[in-house]
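Any read-out appearing in this document is the output of simple, stated calculations on the displayed coordinates, not a laboratory observation. Bear in mind the structure is a predicted one, so any value in this text is a computation, not a measurement. Reconstructed Cβ throughout: ideal geometry from the backbone, glycine too, with neighbour counts over all protein chains shown.
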Amino acid sequence: MLKKNTTKDFYECWKSTNGGSSFTAKTIGWPTGLKYGEGRIAVTPADPSRVYAILLTDQGPRLMCSNNTAEAWTLTATGSTPAFEMDNGQGYYDLDILASPLDANKIIVATTTAFRSVDGGANFTSVGGYYGPFSRHPDIQAMRSQGNDTYIATDGGITWSDDFFAANSEPRINGIFATDLWGFDSGWNEDVLVGGRYHNGNTAYYQAYPEGKFLRMGGAEAATGYVNPVKNRQTFFSDIGGYEIPENFDGKTVNLPLSEWPNESYYYMEFSEMTWSPVCWNEVYIGKGPSIKKSTNNGVSYSTLFTSTDQDAVMEHIRISRSNPNVIYATQRSNTLWDGKIYKSINGGVSWSTLPDLPVSSGQRRVMTITLSGDNENELWVALAYSSNGKKVYYSPNGGNTWLNWTTDKLNDFNLQDIVHQLGTNGGVYVAADNGRIF
C-alpha cells in the first residue's frame, strides 16, 4: 500500500507480511526530493516477486519496479519523456496501472491516455485516450485483466482486449445507458433536448430522430446547453458554439454566430443562462461576470445594461415577466462578500434598483434563484440553496418590496436546487431539492 509521509510530503510504500496486522515502510531505492506522489500499485501472478508502482509527483510521473516483493525499488521510467510520454493528466482522479497476469513484463499505465510496455517499463507506446491506435474515451479510471481478457474503464465506457491491447480492442458498452447532464434545456414548440454531459461532450435530440438516437455535438464537459424558445432547432453550447441541428438525424448541422456566453458553473443555482424575451425570439439576456447584457440579434452581439460594483459580483438568474416584459429581475452572488442580492428593472433594463434583502443572514442569501408569476409581474418566489431549516422559500406579492416566508418543515434538511411557477395556476410552485426530491 501507499501511505503519505507527512514530514516529506510524499507517499511511500508500506508492506505487510501478516495479513495487514502491521506494516513496514519499504523505501530502499524509493524516490527522494519529490513531493506528493499519489499513486497506484500493480502485482501479477506471472511473477509474484514483481511489484510496480506509478507515482504522480510534482515533477511528473515516476514508474517504480521491484523484483523482490517491494524490499527494494528501481526507477524504471520518468513521465513526459520520449520513452514514456504520460503526464500527470488530471492528477489522481485519472490513474491506474495494470500488470499482465500472463507476462510480468507487460504493463499498461494510464492517466488521461493509456500507455503499454512489453519490456517491464523501459519503453512505452500509446494504446488510446487522447491519442493512440485504439479509439477510446480519455480519462482512464480503472483497468483489470484476467487470463486473456483485459478491460479498461474510462469516463466513456469499457473497452475490452484479448491480447492486452497489442492489436485487438473493442467497446463493451451495449446495453449500458447513463448520462450525467451538467447543463440542460428543452424546446417549447417542438421536442428538442440539449445538454452538456459530464465527460462526454454535448448532446442534442430532435423529435424526428429515431427512438433513442441523440446527436453527439462535440465538446468536453461544460455546464451548458440552450434552446431558442421559438426556433427550437437553434441550439447553443458555450464550448463549441451555436448550431442549428438538422431535421433528419443524418443531416448536417449549421453553425450559428454567437459572441458571448453566460456565467456557467457545475454548482447548482450558481449560474446564468441564455434567457430569451417572452415576446421576441431574437432578444436574449445573459449574466456575464458582474454585468447583465442584452442582445437583439439572437446573441450575435451584446450590449451591457447594468454592471454591479460589488466586489466579485456574479450575475446569475434573469427572469423577464410574461405579463409585462418591461419588468425584469436578476440575482447576484458574491462569494467574497458572502452575500446575494436581487435587482429589478421596470423599464426593460434601462435602469435597475436593488430589492430589500430577504430576511435571512447574508450567507444564506448568497446562492438563490427566482421564479415569476405568468399573470402578475409583481408576484415572485425565491428559493435559497443553502439556508437553514425554516428559511428556504420566500414569496413577494408586491414586486419584492416585502417578503413572506413560504417554508414548511417538509423542506427541512434539504438543499434546494430550483423553483418554478406553474403557469396558469393560482400560485402553484414546484421546488427541486437534492437527492432527487420534488415538492
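Overview of results
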read-out: Charge tally in the Cβ shell below 14 Å around A166, where Lys, Arg are +1 and Asp, Glu are -1, A166 excluded; value: -4
read-out: Cα-Cα over 30 Å, subset of K231/K293; K213/K344; K293/K410; value: K213/K344; K293/K410
read-out: Cα-based Lys proximity count in segment 1-145, under 22 Å, for pairs eight or more positions apart or on separate chains; value: 11
read-out: Extreme residue, positive dipole direction of the chain, given options P210, V43, N282 (C-beta unit charges); value: V43
read-out: Separation of alpha-carbon centers, segment 31-107 and segment 344-375, rounded to whole Å; value: 54
read-out: Between segment 264-289 and segment 181-198, the Cα center-to-center distance that results, in Å; value: 14
read-out: Cα-centred dipole magnitude for segment 191-256, charges only on beta-carbon of K, R (+1) and D, E (-1), debye, nearest 20; value: 60
read-out: Relative contact order, percent, the chain [alpha-carbon distance under 8 Å, six or more residues apart]; value: 5
read-out: Proximal charge balance of G60 [Cβ under 11 Å; K/R count +1, D/E count -1]; value: -2
read-out: Coarse-grained scattering of segment 133-187 at q = 0.18, 0.21, 0.27 Å⁻¹, given as base-10 log I(q)/I(0) from a Debye sum over alpha-carbon atoms; value: -0.64, -0.80, -1.15
read-out: Cβ-defined net charge surrounding R322, 14 Å radius [Lys, Arg +1; Asp, Glu -1]; value: -3
